[in-house]
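Notes follow the structure.
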Protein chains: 2
Amino acid sequence: MNSIDTVLNTIDSNLDASLGRLFNLLKIESISTDPAYKDSCKQAGQSLVDMLNELGFDASLRETPGHPMVVAHHDGQQGAPHVLFYGHYDVQPIDPIELWDTAPFEPTVKEVNGAKRIYARGSSDDKGQLMTFVEACRGWKDATGALPCKVTILFEGEEESGSPSLEPFLESAADELKCDIALVCDTSMWDANTPAITTALRGMSSDEVTIHAASRDLHSGYYGGAAQNPIHVLSKILAEMHDESGAVTLEGFYDGVDETPDNIKQMWEGLGFSAQDFMGEVGLSMPSGEANRSVLEQTWARPTAEVNGISGGYTGEGFKTVIAAQASAKVSFRLVGKQDPHKVAAAFRKHIEDRLPEDCRATFKEHGRNPATQLDYNMPELKKAAKALSEEWGKDTAIIAGGGSIPIVGNFRAQLGMESLLIGYALSDDAIHSPNEKYEVKSYHKGTRSWARVLAALAE
Amino acid sequence: MNSIDTVLNTIDSNLDASLGRLFNLLKIESISTDPAYKDSCKQAGQSLVDMLNELGFDASLRETPGHPMVVAHHDGQQGAPHVLFYGHYDVQPIDPIELWDTAPFEPTVKEVNGAKRIYARGSSDDKGQLMTFVEACRGWKDATGALPCKVTILFEGEEESGSPSLEPFLESAADELKCDIALVCDTSMWDANTPAITTALRGMSSDEVTIHAASRDLHSGYYGGAAQNPIHVLSKILAEMHDESGAVTLEGFYDGVDETPDNIKQMWEGLGFSAQDFMGEVGLSMPSGEANRSVLEQTWARPTAEVNGISGGYTGEGFKTVIAAQASAKVSFRLVGKQDPHKVAAAFRKHIEDRLPEDCRATFKEHGRNPATQLDYNMPELKKAAKALSEEWGKDTAIIAGGGSIPIVGNFRAQLGMESLLIGYALSDDAIHSPNEKYEVKSYHKGTRSWARVLAALAE
């Protein structure tokens, strides 16, 4: 029996004990956004430190202005890569509590359609997921006394509250945290049977713009017909952000946007994704947006301009014949490839300034600038990890992208010069951030086995 | 001495007593919108009934589901027209009370720049104004024992709270209230020395439209690029309501809009109106809107389309990357001439329906439909009243229009088939609806004299 089989057997034998350790962690009410749970957050961090030290890591709690970080180091095989594993021990609030069928911090296993599920806040996002890696390390240590790769672990306690301490912490601990590659376990499978590696995430540039006209709200009887209406000005500016084909009109917007390679597009087409189901689920019959692009391309590989909010004038009950002094919109751009968020923001401002009529001015509030991340599809670590996952799940690993942003990946790249492999075992029905969050016992068990295999593969 | 001079002398001699009667009325806290002042409203109506009966009118209080109406009749000269005088005895609330320099219901006379002013809630809007007519009648009665015209008076107690009882009351009392012409005293002079008759008022058609797309708010990371964004759809629809020249693009919108006669336009040009001052006062440097139209034309004689409010998506603090399920706008059209508000509303709906993309639908909430009113510039009563005012003020009477709506005028025309002469002595700095509302003693005194002259002129 080679070592990986021994490790997998060990993991299988110890599943119940492993679940017990997960449950202990799930019982800690580590809601990061609510100051009332500050001590619980620290307790969750400390319990992970203790667990990792017991496993032979050199682990410690690192204070930040917010909740502490957990940092741990463990040696690996000579010549094997040094990996940084990232997860977060904090969880979302539990409101509305009345919609939970079981207590959110009393992990409960239930069988649904023949599959065992762990119900608890954080079971999927992200305590269950981060524990798959810890337990994979335990499997290696129990079975072989060593880890195949040199491993550094970073657990954050503020992911669900905007990660305010992350960037300064990475800055100060850069030497300690810089590894060959990061492994991030905070994403989903493609479906319940198909493992996935997320290789691209869209970035974002977001701003609030306010168009100002008169110095105060005006009576539309006295001034209507003569005075600038900033809602009209804003509507026109926003309407001109897209052309008839659905493309974004900002100058230079598509600079740095590459076409998706044909082989990747073919793989996506083979995933069995149904655009009709995806749109139908939210009451739409067809994709709009850029013409002649599939929905997966539109949401994974193409940049967007979306107005996320608009307001101006009287918006209460009834009617008020006012010409507003100002009108505002919150606008975000999802970015792909090498689009520069700062250039996109500048082009947005120029789009507006170029269209401002006499007597109007625009003010802006910056809300965020993150570049997209895109792995090299030919990266050896990607291929090794994909192969390891395929062996565990008995199916080709889906090489997918994500339409949203996972800021940590941008931080690792920008601050530590390190690419990330995003591998996770969550399912789309895990109800993360919602009542009755769950994680499949199968996700937990096979997720642990998957990491054991990935560590072996990366070490080869 | 002919009778008008005797009447004017009588008015002059009795000014102090007349002011005393006005002050008694101003002391009554007849705030119609607040149910706590229900008894005060009735008291104000009753005091007017008593006053009119004392003057020889046949006056009575008429109950409505809200505050009562005052109706009074008095005979006039054989062959003279029968006029209906309208005013309202209710007043606006007094908040914010801390901004008043004197108690709002304790009328106080102060001299400012050599002119005496009456400070009190309702001093200008509309108790002071309606009393000018009552006191003009008193002048006639005291001096001659008779009135030159047959006079019916209607005082309303709900003008400041939307006039809910007005339409049904006019309906039920139509026979009693139908006269040859209505005189309405609820408007302003052109300036402190120039009397004015308002001959046109814009009508209005107003609706709220909501554009619906997905069945729920969507995450712009997952759906952005593929899902319809109703804010985009709404912005485009609203942007397309005006063309490059500022004209409204709705089909048939300008049907029933006549050009203003050249002689009226010339009179307006001679009024000394400064577009720069008018716009400058609210922080704008120049008129926008329809090209090649003066501001007075734009606001008095041209119809408009204005978005009075817009909302959709996330509009709170910070940012939320949501694609909204719906977006709404409150849109009003100011109407002139013979524009049909129902046709305008239908054209607005068609404008939207024609532009709805796949997967979007629109719902509407109707908010109001009033046609414009436009007097015949050659109406004999208009000429007589204008001449009478000119004689009192020593200046040509400005024949002006109003950009807003005064619903009573539409009701008189639609329900009683009666035109209205809008004559008032308020000034633009009277602070109606605001703290420290005032009325010039000169407005009160010369306003009373003006009505005495107008009654004589109409009887000729």
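The values are calculated or read from the model by the stated rules, or taken from the named source; none is laboratory data. Treat the numbers as computed from the prediction; the structure is a model and nothing was measured. As a convention, Cβ positions derive from the backbone with ideal geometry for all residues, glycine included, and neighbour counts pool all protein chains shown.
Brief remarks follow.
- Only a single criterion out of (1) more than 7 Å from every other protein chain (Cβ to nearest Cβ); (2) out of contact with any Ser or Thr (no Cβ under 7 Å at 6 or more places or on another chain); (3) more than 19 Å from A:THR187 (Cα to Cα) is not satisfied by A:THR363, namely (2).
Yes/no per residue for (1) modelled with pLDDT under 90; (2) within 30 Å of A:GLY122 (Cβ to Cβ); (3) over 17 Å from the mean Cα position of the chain (by Cα):
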| position | (1), (2), (3) |
| --- | --- |
| A:VAL336 | no, no, no |
| A:VAL344 | no, no, yes |
| A:GLU353 | no, no, yes |
| A:CYS360 | no, no, yes |
| A:GLY368 | yes, yes, no |
| A:TRP393 | no, yes, yes |
| A:ASP396 | no, no, yes |
| A:ILE400 | no, yes, no |
| A:SER428 | yes, yes, no |
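- Any chance A:GLY318 is facing chain B (nearest Cβ under 8 Å), surrounded by 24 or more Cβ atoms within 10 Å (Cβ to Cβ) and not acidic (Asp, Glu): no
- Residue within the stretch B:304-313 that is more than 7 Å from chain A (Cβ to nearest Cβ) and either of a type in the set (Asp, Glu) or within 16 Å of B:VAL257 (Cβ to Cβ) (or both) present: yes
- Residue check, B:GLU208 modelled with pLDDT under 95 and of a type outside the set (Ser, Thr, Tyr): no
- Residue, farthest from A:ALA346 (Cα to Cα), within the stretch A:232-258, restricted to residues that are without any contact (Cβ under 8 Å) to a residue 40 or more places away in the chain and surrounded by fewer than 17 Cβ atoms within 10 Å (Cβ to Cβ): A:GLU244
- Just one of (1) more than 19 Å from B:GLU135 (Cα to Cα); (2) at pLDDT below 95 fails for B:SER3. It is (1).
- Restricting attention to the stretch A:321-333, the residues that are within 7 Å of chain B (Cβ to nearest Cβ) and either modelled with pLDDT of 95 or more or in contact with a Leu (Cβ under 6 Å, 6 or more places away or on another chain) (or both) total 4.
- Test: residue in the stretch A:367-374 that is closer than 30 Å to A:ALA226 by Cα, touching a residue at least 12 places away in the same chain (Cβ under 8 Å), of a type in the set (Lys, Arg) and within 14 Å of chain B (Cβ to nearest Cβ): no
- Within the stretch B:211-243, the set of residues being more than 8 Å from every other protein chain (Cβ to nearest Cβ), of a type outside the set (A, V, I, L, M, F, W, C) and within 19 Å of B:PHE333 (Cβ to Cβ) comprises just one member, B:ASP243.
- Residue list for the stretch A:399-430, restricted to those being free of Cβ contacts under 8 Å to residues at least 60 places away in the same chain and not basic (Lys, Arg): A:ALA414, A:ASP429
- Residue in the stretch B:195-216 that is touching a helix residue (DSSP H, G or I) at 6+ places or on another chain (Cβ under 9 Å), free of Cβ contacts under 8 Å to residues at least 24 places away in the same chain and among the small types (Gly, Ala, Ser) present: no
- Residue within the stretch B:162-182 that is closer than 30 Å to B:ALA325 by Cβ and either within 14 Å of chain A (Cβ to nearest Cβ) or crowded, with 22+ Cβ neighbours inside 10 Å (or both) present: no
- If only residues of the stretch B:95-139 that are touching a helix residue (DSSP H, G or I) at 6+ places or on another chain (Cβ under 7 Å) and of a type in the set (Gly, Ala, Ser) are counted, the one that is nearest to B:GLY157 (Cα to Cα) is B:GLY122.
- Scanning the stretch B:78-130 for residues that are over 17 Å from B:HIS433 (Cβ atoms) and of a type in the set (Phe, Trp, Tyr) yields B:PHE85, B:TYR86.
- Helices (runs of 4 or more DSSP H) completely within the stretch A:244-302 that count 3 or more residues being farther than 24 Å from A:GLN339 by Cβ and either more than 9 Å from chain B (Cβ to nearest Cβ) or not small (Gly, Ala, Ser) (or both): A:275-280
So that you can scan it fast, the table gives a plain yes or no per residue for (1) surrounded by fewer than 19 Cβ atoms within 10 Å (Cβ to Cβ); (2) of a type outside the set (Lys, Arg); (3) part of a strand (DSSP E or B); (4) at positive phi:
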position: A:LEU422; (1), (2), (3), (4): no, yes, yes, no
position: A:ASP430; (1), (2), (3), (4): no, yes, no, no
position: A:HIS433; (1), (2), (3), (4): yes, yes, no, yes
position: A:LYS442; (1), (2), (3), (4): yes, no, no, no
position: A:GLY447; (1), (2), (3), (4): no, yes, no, no
position: A:TRP451; (1), (2), (3), (4): no, yes, no, no
position: A:VAL454; (1), (2), (3), (4): no, yes, no, no
position: A:LEU458; (1), (2), (3), (4): no, yes, no, no
